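Down below is the structure, laid out as structure tokens.
The values are calculated or read from the model by the stated rules, or taken from the named source; none is laboratory data. A quick note: this is a predicted structure, and the numbers were derived from the prediction, not measured. Please note: Cβ atoms are built from the backbone with ideal geometry, for glycine as well, and neighbour counts cover all protein chains shown.
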Amino acid sequence: MHRIPSPSKISRGNTAPARKRLLILAVLSVAFVSDRAATAHGQSASPDTAAIQAKITSERVALGKAIAAHDPAVLSRYWSPALIVNGPTNTIVSRSQIIGASIHGGLNYTSLKGNTELFTVTNGTAILMGHEDLVEADGPRAGKHLVRRTMDIYQRSGDDWPLVVRQATFVGFDATPSDGPAAADYTPSAPSPGTAAIQKQIEANGRAVGHAIATNDFATLEKFWSPSLVVNSPGNRVLTREGVFQAMREDKLKYSSGKVFPDAFFVVNDLAVTMGHEELVMANGPMAGQPLKRRYTDVWQKTGEAWLLIARQATYVGIDGGAVYGHPDPTLEPVSVATLAQTTAMNGSPEDIKAIEALVHSNPSDHVTEDVSFTNIFGTVRFGREEFIDRHKQIGQTFFKGTTAKISVTKMRFVRPDVAVVDVAGELSGFQKSYPGLPVGKDGILRNRLLLVVVKENGAWWITGFHNVAETPEI
């Protein structure tokens, strides 16, 4: 057991304020299209559909390069000004927020591969569904193989087919930020009278569909579901309308309870879109009786005087949806609700991740154990809380005096539920004069990498290992 300081020993006078981080990292990425793209109902694509798919494929390749290069001009061209995304962090974001995240260094991947499972065009609206295999380059999930289910909706504008609606939801874990929605959370504009009337109609349609599913009323569903309906389903498979009907006949859409929580509603040309999450309990299957949550996006299209559902994605949050229906994804670690609590503990609970983030952005002298080990950028090793505090007071009053620090967590991994290793990148600027031996760059910035070992004792996180090195050119 590590010795932690008593409350009376903790200094409160020089606690640095926590910095609020922008949490739209990896909100959206446009994947590269795979070679085997399915078409609706398993049929061959018409010449028009094939030409549209080829055009969108070329745009997606250009977007992939633009994301890697953080090129806002290309992103602005192929992402509609009206673009809204039900994002991987389980928040709703707009085009401007996504481009802002990219400009500020977000959307970084070691690898990213899109797998198109279906492409179709319904009354001038192109729909692409599938999944993405990716590895994030930074953040707490860096280096891990991840999968997310995706739905992309495109509409023509001049010679281009810009993206207007997207959902991307991770499979197998909950990527919601530890402190809730992102700092720049999506705020919908005030609805016009026309939009409000459409929303009222879509809500009525949704209630009728919910009742029809509960009663296996196929005739009513045929009134509200387009014959061309395609669904990126909770079971991580793309289904046509008939495929959904078959699942109903097999009693796979039976729920003990269910509630819908809309987060956003908007109208784009002839489309009305609802995004949010659903909380439900399955009535049968491997996870019957367990409370589950899933993100959803419903896309309705005006057809004559009616609004018909043409596309939907619903993906479980924090769990492999395939396992809910008895066909878990073989590329993922098997996860069940029974083991979800243990998995969450080893990945770090949202509360623990938030607490460690706050610790990193605070005064470290307030959060070190009595037996902390400390290695500074010169390689000098010290032990114990008192030596740690004394040395930080010295540097704060001499060569670090008046400087400004920028720090960010680049990786966090939990060795045990009560032990975590945290990698931190830092920059220090504003030096009042130069000091011999201090590795400050020509731009006046000292860049460092910090490795922290933190332990949880008595409900709080403490630093027990503090290893600091300066960034210098690698030989």
A68 fails exactly one of (1) closer than 24 Å to Q313 by Cα; (2) more than 17 Å from the chain's Cα centre (by Cα), namely (1)
Taking segment 368-393 and keeping residues closer than 23 Å to T472 by Cα, of a type in the set (F, W, Y) and at pLDDT 90 or above leaves F374
Of (1) of a type in the set (A, V, I, L, M, F, W, C); (2) modelled with pLDDT under 90; (3) part of a strand (DSSP E or B), A338 satisfies every one except (3)
Exactly one of G285, G289, G326 is modelled with pLDDT under 80, more than 18 Å from V147 (Cα to Cα) and assigned to a loop (DSSP other than H, G, I, E, B), and that residue is G326
Counting only strands (runs of 3 or more DSSP E) entirely within segment 349-439, those with at least 3 residues that are over 25 Å from R141 (Cβ atoms) are 368-375, 381-383
Within segment 191-206, is there a residue that is modelled with pLDDT under 95 and within 18 Å of V93 (Cα to Cα)? yes
>> Any residue that is in contact with a Pro (Cβ under 8 Å, 6 or more places away or on another chain), within 20 Å of G437 (Cβ to Cβ) and free of Cβ contacts under 8 Å to residues at least 40 places away in the same chain - is there at least one of those in segment 382-390?
In response: no
Checking the structure you have, find out if any residue of segment 86-107 is assigned to a strand (DSSP E or B), closer than 23 Å to S226 by Cβ and not charged (D, E, K, R). yes
task = Could you tell me whether segment 256-274 includes any residue that is surrounded by 19 or more Cβ atoms within 10 Å (Cβ to Cβ) and under 17 Å from L128 (Cβ atoms)?
result = yes
